[in-house]
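One structure is given here, and the rest of the page talks about it.
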């Protein structure tokens, strides 16, 4: 198996709200932890997948708060993407628990693609809105 490349955080992914940027970096770290586990041949990915499931819940709630505080017009669309992502990760988790041995690699491909696309597309859209509406936010910013 070829080495799986890590997903790398770059400053251009910043949404301008420090707590959200920190959480995005943490999501990248969790995906990279999953890559490490797969590369090491780990037979038990549940702890890392569990970390991911727990963390996305926290992160998506925080993003929702920030978007609502700023009256982000794309909130419903963004929330749907979060819900769809959460459902897909939960489905991966269920399949993994049922013994799908190939799931780790499939999950990495999905996670890398989704996080990259979501961060560089939808999150950047609301980043522009947040910058224009920073005075409405109670959440600490950069």
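Values quoted throughout were computed directly from the atomic coordinates according to the rules given, and no laboratory measurement underlies them. Just so you know, these numbers come straight off a predicted model, no measurement behind them.
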At 0.36 nm per residue, and after removing the present C-alpha to C-alpha distance, how many nm does the segment from residue 55 to residue 8 gain when stretched out fully?
15.1 nm
Measuring from centroid to centroid over Cα atoms, what is the spacing of region 19-59 and region 76-98 in Å?
14 Å
How large is the convex hull of the C-alpha atoms of region 14-136 per residue, in Å³?
86 Å³
